[in-house]
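Novice: For reference, the structure I am asking about is given below.
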Amino acid sequence: MTPGTLPLAASAPGYDGFIGWVLSLIETLGEVGVGLAVLIETFVPPIPSEAILPAAGFLAYDGRMNAWGAWAAATLGGLVGAWIWYGLGAAVGRDRTRRIVGRIPLLDHDDFDKAEAFFARWGGGAVLFGRCVPLVRSFISIPAGIERMALWKFTLYTLVGSAVWNGIWIGLGFAFGPAIRPILEQWSGVISDVVVGLLILLLLVFIALRIRRRMREAAARRAEDNGSA
């Protein structure tokens with residue numbers, strides 16, 4: 001540790017609890033800790049990589065790890081997590097997933113069929129760009145596994161998307177150096193919060209539209225029953 005330099009997690013009051021522990025893990029294990037942190041983030045989406053990765057960049061700027069090594073470790077950690085989700089999707093399989101979707105309130109088998117058709121057309125792009133979207137990047141691997149996307153293709157798209165995303169955030173941390181610390185404290189979760197908020201809003205809109213559709217279908221059935229009576 002550079003003399004007089006405070007540990008990143010300890011000097012940032014916004015880094016409490018689990019996120020603080022993850023940042024401490026990075027400082028303790030170096031590049032390996034970065035890979036483990038990204039792997040953990042794959043399964044615990046509320047941990048924002050927008051905070052973890054710039055912190056790794058700052059530590060590289062401060063001479064406490066290698067920037068390229070941190071980038072490679074982060075990309076490898078993301079790939080391993082994506083492989084695990086892919087394997088879970090493949091294990092559950094198409095037919096079982098379709099039955100599960102059909103039993104979920106406000107969903108039916110037609111929704112699964114449409115999602116399947118969408119992924120069949122845009123699967124590669126969905127995996128590639130999904131790696132750059134909070135929450136989505138954690139779960140986009142599941143439909144890839146369900147649809148049995150070729151593993152080499154899935155790996156390639158995941159590597160490219162993860163490498164770009166990780167490179168941007170680690171590069172920002174390295175480029176801004178000490179100036180990145182107050183930015184991280186204030187804004188580390190803002191981007192994730194905005195994206196998550198938009199996803200929640202879209203979910204609420206979907207639920208409202210689906211309820212309205214179900215009500216119209218029920219009214220149409222009642223009208224048909226009354227007309228045939």
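The values are calculated or read from the model by the stated rules, or taken from the named source; none is laboratory data. Not measured: the values here are computed from a predicted model. Neighbour counts run over all protein chains shown; Cβ positions are idealised from the backbone, glycine included. For the accessible areas, the whole protein counts, side chains as well, though only heavy atoms, and no ligand, DNA or RNA atoms are used. Shrake-Rupley method; radii C 1.70, N 1.55, O 1.52, S 1.80 Å.
Novice: Cβ-Cβ below 6 Å, separation at least six or inter-chain, first residue in segment 69-86 and without any contact (Cβ under 8 Å) to a residue 40 or more places away in the chain, second part of a helix (DSSP H, G or I) and crowded, with 20+ Cβ neighbours inside 10 Å: which pairs?
Specialist: GLY69/GLU31
Novice: A further question follows. Test of understanding: among PRO178, PRO105, which residue is part of a loop (DSSP other than H, G, I, E, B), surrounded by fewer than 16 Cβ atoms within 10 Å (Cβ to Cβ) and at pLDDT below 85? Steps first, please.
Specialist: Details: PRO178 fails: part of a loop (DSSP other than H, G, I, E, B).
One residue alone meets the criteria, PRO105.
Novice: Among the residues in segment 135-151, are any farther than 22 Å from ALA91 by Cα and in a helix (DSSP H, G or I)? Don't jump to the end; show me each part of the working.
Specialist: Looking only at segment 135-151, we keep the residues that are farther than 22 Å from ALA91 by Cα, and these are none.
Checked segment 135-151: no residue is farther than 22 Å from ALA91 by Cα and in a helix (DSSP H, G or I).
Novice: Test ARG121 against the criterion of being modelled with pLDDT of 75 or more and either more than 17 Å from GLY173 (Cα to Cα) or assigned to a helix (DSSP H, G or I) (or both), and give yes or no. It would help to see each step written out before you state the result.
Specialist: Values: modelled with pLDDT of 75 or more: yes; either more than 17 Å from GLY173 (Cα to Cα) or assigned to a helix (DSSP H, G or I) (or both): yes.
Yes.
Novice: Any residue at all in segment 32-45 that's modelled with pLDDT of 80 or more and among the charged types (D, E, K, R)?
Specialist: There is at least one residue in segment 32-45 that is modelled with pLDDT of 80 or more and among the charged types (D, E, K, R).
Novice: Of the residues that make up segment 67-85, is at least one at pLDDT below 80, open to solvent by 10 Å² or more (accessible area, probe 1.4 Å) and over 30 Å from ARG148 (Cβ atoms)?
Specialist: So the first thing to find is which residues in segment 67-85 are at pLDDT below 80, and the list is none.
Among the residues of segment 67-85, not one is at pLDDT below 80, open to solvent by 10 Å² or more (accessible area, probe 1.4 Å) and over 30 Å from ARG148 (Cβ atoms), which makes the answer no.
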